[in-house]
1. Per residue of A:122-132, what is the mean number of Cβ atoms on other protein chains within 10 angstrom of that residue's Cβ?
2. Quick check on chain A: helices-only [θ] at 222 nm, where DSSP H runs of length 4 and up contribute -39,500 (n - 2.57) each and the sum goes over total residues. Nearest 500, please.
3. Whole-Hz ³J(HN,Hα) for each residue in the range A:358-368, computed from phi via Karplus 6.51 cos²θ - 1.76 cosθ + 1.60 with θ = phi - 60°, x for glycine and proline: what do you get?
4. Can you order the peptides B:281-288, B:50-57 by their average number of other Cβ atoms within 10 Å per residue, highest first?
5. At what distance in angstrom do the alpha carbon centres of the range A:7-38 and the range B:170-234 lie from each other?
6. For the protein assembly as shown, what does the alpha-carbon gyration tensor say about shape, rounded, prolate or oblate, given a ≥ b ≥ c as the root eigenvalues, a/c under 1.5 as rounded, and a/b over b/c as prolate?
7. Can you give me the span-like helices of chain B, meaning DSSP H runs with 30 Å or more of Cα extent along the axis and Kyte-Doolittle mean at or above 0.0?
8. Below 8 Å between Cα atoms, with a sequence gap of 6+, how large is the relative contact order for chain A in percent?
Amino acid sequence: MIETHTEFRRRARAWLEANVPQEPAPRDGPAAREFVLRWQRRQAEGGWAGVSWPKEAGGQGRSVSEQIIWFEECARARAPSPLGPGFVGLNHAGPTINACGSAAQKALHLPRILEGDVLWCQGFSEPGSGSDLASIRTRGRVDGDTLVIDGQKLWSSYADIADWQEMLVRTDPEARNGAALSWVIVPMDAPGVTVRPIRTMAASSTFCEVFYDSVRVPLSSIVGGLNNGWATAMSTLSFERGTATLALLIETVARVGDLLADCPASRPAMRTTLATLRAEGQAILASTYRFALDSEHATPDASGSMIRLAFAEFAQRVTAAAIDLYGIDAPEVLGAHGWGHEYLHAFSETIAGGTAEIQRNIIAERVLGLPKEPR
Amino acid sequence: MKFALTDDQASVLNEVERMLDGLALPAHTEPVVAPYSDTLDAALAGSGFLDIAREDGFGTLDAALMVERLARSPHIVEAGASAIVAPAIGLEAGLRPVALVAGDPTGPARFLPRAQVLVADLGDHALAIEVDPARVQPVDSLFAYGYGRLDSLDGLPVRRIDDVATLRRRWRVAVAAEIAGCMAGALSLLVEHVKARHAFGRPLGAFQSIQHRLAMAAESAESSRWLALRAAWSDDDGDAAQAAGFAQSRIHALSYDLHQFSGAMGLTLEYPLHLWTYRLRALVGELGGAGAQARAAAAAAWPDAAE
């Protein structure tokens, strides 16, 4: 018998009510790793991991609509935030391997991501190479059937607690564009990998710097082909910018509702601000549902950048409004899970995963079809 | 109207510059509470500049110029309340640092863990409370200043201040001057950064999208500064409320833009931008925030309508 969306939602809600962890998620370090893997394992055991991932990858093989319902119910149940140590594996590395990986790569990695065995981190940015990814200098030299990696990556979130890293390296020293890069899977315990956590102003150590000193990985670790890394990375960037934002967006809109509920009628200006934010969140959500459903059977288009941009700036406004609502010394603002940390962390929203300026360029050039600015 | 600094003002600011030049950037490896600059505090106290508004031939404008200049630096020190507020409400010279709090006198106040006196604005009057450090509990803060609260007023020497309008006016001038200085200090760090950092083969500062927003940040810093100085000069209730509220209203956009163009580096403790970001975020909500200042400015201009 085919389950209707209503039945699916009811079943998801009941399971989440019984299984969502009650304790807050640790912010960083080994405790954060254990927490997120435990939560992922519980979802896998309950048959909820990777709702829209294919069955052969260990997922549930369900529709994007059902994935959306799952995210909505997670937000309603205040399940652990999707923007944690599990984000890269579930929303970037996993989908990229699914789209471009070999059968062996898929069989090795995808089930382990969903089953909560491993964490992934991303090694794209470098000192001096953030928005301009094509200028990457970390080198991968082919030596027989291995790739030898030397260089440095920056802003690799949770690299200190990850098992695997998705990396962009320069495998053609001559080419000056994206054709010089390869997308590689690197085990974080490989000899020659050194990780240094960086303290952020939001009081966490989630950002890391990673150094590679003659790190050797088999050539079979390259995903999507040698010197095809740019196309491989781009294959899921639209996904990341659009659909992967969905879970975060649903959660954030739900939290704006909580803020409104806490805002007394004696503060009409604050209520106006929050109600306007709620409308803004619903508007972005409506666009995101459209994008996610359109992406179900077709390659996502560049309009994912509109969603990424709108969500990033929305999240910043929400955190600022929350502090204005409660005051900078309120319990809701202070503490490890307070809005104050969220406010400081939200500065990264318009930087990570393609800056707001890059998103605006993409919208202008690829959605509106405007001529490119000289670069 | 003259906008050039007098010789006396220029020499005071030169002397402040000299104090700042000798200071190393604060080592800041633990997030959240940035280190208080005891060295700068001692140099300022020794210089007598914190009492400049009490001197013949000087006034609030000179104090505001100094507070604004100090806030441009990455060093955190209590100066606004000492130099701008204290002389107007009868606090004796040298009794400092001064902490200020509105409403509940046992609520959290900036600088209280180091303060000798706490001034509490209770609405229709104020209290100057001599602080016993043993009675101060540190308060968790995310925004750089060491905050603290008194356990109670029991047994502490307290003096009543009736002229609460003057307290509030000077407090607003101090907030406006401090915000203006923080804006200018953070902006100057970023201007150097976007000249030096390259992307797509040219300096970040050569991209128009970045130029335009830094130009707007410059306009915010510049207009906040002149409005603060005007309020310090006129010592008028409405001007002071407007200056504080205007500056507060510009903080969010400016902070986001400056962080945006410093990239991920700007989010770390290894880059000093947070030393201004923290302070600016704390000042956004001081005295009720921009909305409260706007209402106070309107009430000062149209007192009948306010009733």
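Any read-out appearing in this document is the output of simple, stated calculations on the displayed coordinates, not a laboratory observation. Keep in mind that what you see is a predicted model, and the values were worked out from it rather than measured. Ideal geometry is used to build each Cβ from the backbone, glycine not excepted, and the neighbour counts take in all protein chains shown.
1. Mean shielding count: 2.
2. On the way: 11 runs with 160 residues, N = 375.
Taken over chain A, the calculation gives -14000 deg cm²/dmol.
3. Residue by residue, the range A:358-368 yields 5, 4, 5, 4, 5, 4, 5, 7, 9, 8, 7 Hz.
4. So the peptides B:281-288, B:50-57, ranked by packing, come out B:281-288, B:50-57.
5. 43 Å
6. Verdict is prolate for the protein assembly as shown.
7. Working: long enough: B:164-196 (49 Å, 0.73); B:208-234 (38 Å, -0.23); B:237-262 (37 Å, -0.30).
Span-like helices, by this rule, are B:164-196.
8. On the way: 644 pairs, mean separation 50.6, N = 375.
It comes to 13 percent, rounded to a whole number.
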